[in-house]
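The values are calculated or read from the model by the stated rules, or taken from the named source; none is laboratory data. Keep in mind that what you see is a predicted model, and the values were worked out from it rather than measured. As a convention, Cβ positions derive from the backbone with ideal geometry for all residues, glycine included, and neighbour counts pool all protein chains shown. Surface accessibility is based on the protein's heavy atoms, side chains included, excluding ligands, DNA and RNA. Shrake-Rupley method; radii C 1.70, N 1.55, O 1.52, S 1.80 Å.
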Amino acid sequence: MSWGTELWDQFDNLEKHTQWGIEFVERYNKFVKDRTDIEISYAKQLRNLSKKYQPKRNSKEEEEQRYTSCQAFLAVLNEMNDYAGQHEVIAENMSGLIFAELSRYIQELKQERKLHFQEGRRAQQHIESCWKQLEASKRRFERDCKEAERAQFHFEKMDNDFNVTKADVEKARQQAQTRHQMASDSKGEYSSVLQNFNKEQHEHYYTNIPNIFQKIQDLDERRIVKIGESMKTFSEVDRQVIPIIGKCLDGITKAAESVDEKHDTQLVVEAFKSGFEQPGDVEFEDFSQPMKRTVSESSLSNSRSDGKQESKSGKSKGKLWPFIKKNKGSGPEDFSHLPPEQRRKKLQQKIDEINKEIQKESDQRDGLTKMKDVYIKNPQMGRPESVDPRLAEIEQTIEKLRQESSKFEAWLAEVEGRLPTRPDQPRRPSEMPELPTTAVNNCAQDRESSPDGSYTEEQNQDPQLKVAAQNEFDDEFDDEEVLTAIGTCKAMYAFEGQNEGTIAMAEGETLSVIEEDKGDGWTRVRRSEDEEGYVPTSYVEVYLDRNTKGAMTYI
């Protein structure tokens with residue numbers, strides 16, 4: 001069906017309809033723009049949501065990532081971030097493939113419609129001009145006919161009047177002839193104009209208007225097709241990302257299936273296991289017999305010893321570890337406030353961190369060494385001595401880190417020597433010297449429990465044997481003669497010296513060395529004539545006199 005033939009007289013309605021069509025395209029394009037804004041906002045909110053629940057660095061949440069459920073949740077957050085990216089792709093494609101394209105098409109549509117209706121108005125104005133010309137010719141012919149009729153009537157009247165002169169009659173006759181000639185000319189002109197108008201009108205309604213309306217019809221049909229294509233694109237933009245969104249959802253499902261309750265349970269055991277053995281049975285103490293009260297070897301706490309030992313320790317150890325209030329704060333540097341198993345893990349973690357730092361510094365040193373070699377071979381590239389200050393600085397840093405590592409290695413070896421050997425976890429070999437086996441060093445190394453949370457010694461150890469060892473140590477100390485100082489030492493760290501046989505020292509304090517380290521990790525020092533004891537070798541810088549052992553320094 002053609003608008004040119006069916007709607008030849010509906011120019012104004014077609015103009016309104018095509019204007020509505022353009023407004024409809026603009027409305028649909030606004031809908032696409034709003035959908036694009038929603039996708040962008042949704043993607044942004046999803047990204048913010050994923051970022052909000054990401055574990056914070058150097059926090060407890062980051063430590064929790066070892067659990068499979070936490071790892072699965074992190075995978076879900078990452079998949080949601082990718083999911084948000086797909087919505088950004090939807091917004092980008094809709095903006096580029098639909099909104100921008102339709103915005104350009106609307107401008108072209110408006111311009112083309114304007115040209116077609118301008119052409120239609122010109123055709124309408126032309127036919128109206130022809131019609132006016134026809135009307136003017138018709139009125140002129142009608143007027144001339146009436147004038148000729150009146151002139152003829154006047155002539156006939158004059159001709160029949162005997163009182164009128166012959167000259168007046170002739171004049172009336174000539175005037176009537178003139179009017180008849182004018183009427184005849186007007187008739188010819190009217191006929192010609194009428195024929196021309198009929199031709200123009202036929203061409204207008206059967207050729208010009210149909211052609212113009214056909215162009216307008218084509219324009220409107222192309223508009224409708226464009227809307228349909230845009231709607232299809234609207235669907236395809238979503239459909240294109242469905243496979244990737246499906247992969248994101250598959251990733252979430254896979255993360256959920258990776259949750260392993262047994263693995264997480266084992267991690268809880270490894271995280272909180274103290275390393276202590278369960279207390280044994282409490283033996284019956286018979287108060288009806290006149291005998292000395294004894295203490296069970298497998299009592300709840302190894303602190304239940306005789307009065308002599310309690311007087312030496314000066315502390316009460318009557319509580320089980322699970323019911324002891326834990327220390328608040330960071331605790332001592334050697335993690336002595338932790339249970340043996342947890343202390344071992346913390347020390348191992350600290351050693352690993354220090355080793356990583358040593359490796360990092362060593363890599364920098366190797367790189368600078370290579371650079372120095374290049375400078376030596378190619379002096380024009382730089383001066384070799386310019387690298388020396390940085391090399392020296394790195395060497396000092398590495399040396400300090402090695403000292404730090406040695407200190408933690410000593411503590412780790414101490415803890416591993418106290419933990420029972422497990423078949424599934426062999427004891428870690430240490431590069432440090434073996435710990436002392438004498439009673440002196442046992443006293444120096446054993447750490448006592450306090451009510452605020454430090455750990456106790458192995459609970460199954462016989463208290464009477466400990467008392468005997470301490471008495472033996474006291475006897476050895478009393479029998480020894482006063483030793484001559486062989487050097488001095490400076491404390492790099494503070495040491496409390498709470499155990500029997502040790503001596504407390506403050507950071508930076510200088511003491512006299514009366515017996516050097518025998519390989520057990522302890523150095524015997526003296527503050528005054530009646531105050532001496534052992535301190536950890538890794539805590540001090542030892543300077544031996546040249547006239548005794550030669551210049552040596554232990555760091």
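For the stretch 255-276, give me the residue count where each residue is modelled with pLDDT under 90, open to solvent by less than 40 Å² (accessible area, probe 1.4 Å) and among the aliphatic types (A, V, I, L, M).
Within the stretch 255-276, residues that are modelled with pLDDT under 90, open to solvent by less than 40 Å² (accessible area, probe 1.4 Å) and among the aliphatic types (A, V, I, L, M) number 2.
If you check Glu156 against the conditions, is it surrounded by 13 or more Cβ atoms within 10 Å (Cβ to Cβ), part of a helix (DSSP H, G or I), out of contact with any helix residue (DSSP H, G or I) (no Cβ under 8 Å at 6 or more places or on another chain) and at pLDDT below 95?
It is true that Glu156 is surrounded by 13 or more Cβ atoms within 10 Å (Cβ to Cβ), part of a helix (DSSP H, G or I), out of contact with any helix residue (DSSP H, G or I) (no Cβ under 8 Å at 6 or more places or on another chain) and at pLDDT below 95.
Got at least one residue in the stretch 335-345 being within 28 Å of Tyr539 (Cα to Cα), modelled with pLDDT of 85 or more and open to solvent by less than 70 Å² (accessible area, probe 1.4 Å)? Write out each step before concluding.
Looking only at the stretch 335-345, we keep the residues that are within 28 Å of Tyr539 (Cα to Cα), and these are 335-345.
Adding the requirement that they be modelled with pLDDT of 85 or more leaves none.
No: zero hits.
Please state which of the following conditions Glu500 fails to meet, knowing it meets all the rest: (1) at pLDDT 80 or above; (2) within 23 Å of Ala413 (Cβ to Cβ); (3) surrounded by 15 or more Cβ atoms within 10 Å (Cβ to Cβ).
For Glu500, the exception is condition (1).
Can you confirm whether the stretch 59-75 contains a residue that is surrounded by 14 or more Cβ atoms within 10 Å (Cβ to Cβ), touching an Asp or Glu at 6+ places or on another chain (Cβ under 8 Å) and within 27 Å of Ile227 (Cβ to Cβ)?
Within the stretch 59-75 (the criterion being surrounded by 14 or more Cβ atoms within 10 Å (Cβ to Cβ), touching an Asp or Glu at 6+ places or on another chain (Cβ under 8 Å) and within 27 Å of Ile227 (Cβ to Cβ)), the answer is no, since none of the residues qualifies.
Residues Gln65, Gln133, Gln107: which one is in contact (Cβ under 8 Å) with a residue 60 or more places away in the chain and not small (Gly, Ala, Ser)?
Answer to the check: Gln133.
Let me confirm something: among Ile224, Ile252, which residue is of a type in the set (A, V, I, L, M), modelled with pLDDT of 90 or more and under 15 Å from Glu79 (Cα atoms)? Reasoning before the result, please.
Working: Ile224 fails: under 15 Å from Glu79 (Cα atoms).
Answer to the check: Ile252.
If we keep just the residues of the stretch 1-18 that are in a helix (DSSP H, G or I) and in contact (Cβ under 8 Å) with a residue 24 or more places away in the chain, which is most open to solvent (accessible area, probe 1.4 Å)? Reasoning before the result, please.
Taking the stretch 1-18 as the starting set, the residues that turn out to be in a helix (DSSP H, G or I) are 3-6, 11-18.
In the following step, the residues that additionally are in contact (Cβ under 8 Å) with a residue 24 or more places away in the chain were identified as 3-5, 11, 14-15, 17-18.
Numbers: Trp3: 47, Gly4: 1, Thr5: 88, Phe11: 35, Leu14: 9, Glu15: 46, His17: 69, Thr18: 3 Å².
Filtering first and then ranking leaves Thr5.
Which members of the stretch 228-244 meet the condition of being surrounded by 17 or more Cβ atoms within 10 Å (Cβ to Cβ) and hydrophobic (A, V, I, L, M, F, W, C)?
Phe234, Val237, Val241, listed by residue number.
Looking at the stretch 188-222, which of its residues are surrounded by 16 or more Cβ atoms within 10 Å (Cβ to Cβ) and among the basic types (Lys, Arg)?
Lys215
Mind checking which residues of the stretch 347-375 are in contact with an Asp or Glu (Cβ under 9 Å, 6 or more places away or on another chain) and either closer than 22 Å to Ser274 by Cβ or outside any helix (DSSP H, G or I) (or both)?
Residues satisfying the conditions are Leu347, Lys350, Ile351.
Would you point out which residue out of Gln118, Gln54, Gln86 is assigned to a helix (DSSP H, G or I) and either closer than 30 Å to Thr265 by Cβ or without any contact (Cβ under 8 Å) to a residue 24 or more places away in the chain (or both)?
Numbers: Gln54 fails: assigned to a helix (DSSP H, G or I); Gln86 fails: either closer than 30 Å to Thr265 by Cβ or without any contact (Cβ under 8 Å) to a residue 24 or more places away in the chain (or both).
That would be Gln118, the only listed residue that is assigned to a helix (DSSP H, G or I) and either closer than 30 Å to Thr265 by Cβ or without any contact (Cβ under 8 Å) to a residue 24 or more places away in the chain (or both).
Might you check whether a residue that is open to solvent by 60 Å² or more (accessible area, probe 1.4 Å), in contact with a helix residue (DSSP H, G or I) (Cβ under 8 Å, 6 or more places away or on another chain) and not basic (Lys, Arg) occurs anywhere in the stretch 353-361? It would help to see each step written out before you state the result.
The initial filter retains those residues of the stretch 353-361 that are open to solvent by 60 Å² or more (accessible area, probe 1.4 Å), namely 353, 355-357, 359-360.
Next, from what is left, pick out any that are in contact with a helix residue (DSSP H, G or I) (Cβ under 8 Å, 6 or more places away or on another chain): 355, 357.
Applying the additional criterion that residues be not basic (Lys, Arg) yields 355, 357.
Yes; the residues of the stretch 353-361 include at least one that is open to solvent by 60 Å² or more (accessible area, probe 1.4 Å), in contact with a helix residue (DSSP H, G or I) (Cβ under 8 Å, 6 or more places away or on another chain) and not basic (Lys, Arg).
Any chance the stretch 121-142 includes a residue that's in contact with a Ser or Thr (Cβ under 7 Å, 6 or more places away or on another chain), open to solvent by less than 50 Å² (accessible area, probe 1.4 Å) and among the charged types (D, E, K, R)?
no
Within the group Leu74, Leu134, Leu97, which residue is within 16 Å of the chain's Cα centre (by Cα), part of a helix (DSSP H, G or I) and at negative phi?
Of the residues listed, the single one that is within 16 Å of the chain's Cα centre (by Cα), part of a helix (DSSP H, G or I) and at negative phi is Leu74.
Enumerate the pairs (first residue in the stretch 153-166 and within 19 Å of Arg179 (Cβ to Cβ); second residue anywhere and of a type in the set (Lys, Arg)) with beta-carbon separation below 6 Å, excluding pairs fewer than 6 apart on the same chain, so at least 6 apart or on different chains.
Listed by first residue and then by second, the contacts come to Phe155/Arg173.
Out of curiosity, is Lys325 open to solvent by 50 Å² or more (accessible area, probe 1.4 Å) and modelled with pLDDT under 80? Even if it seems obvious, please write down each step before you answer.
Numbers: open to solvent by 50 Å² or more (accessible area, probe 1.4 Å): yes; modelled with pLDDT under 80: yes.
Yes: the conditions hold for Lys325.
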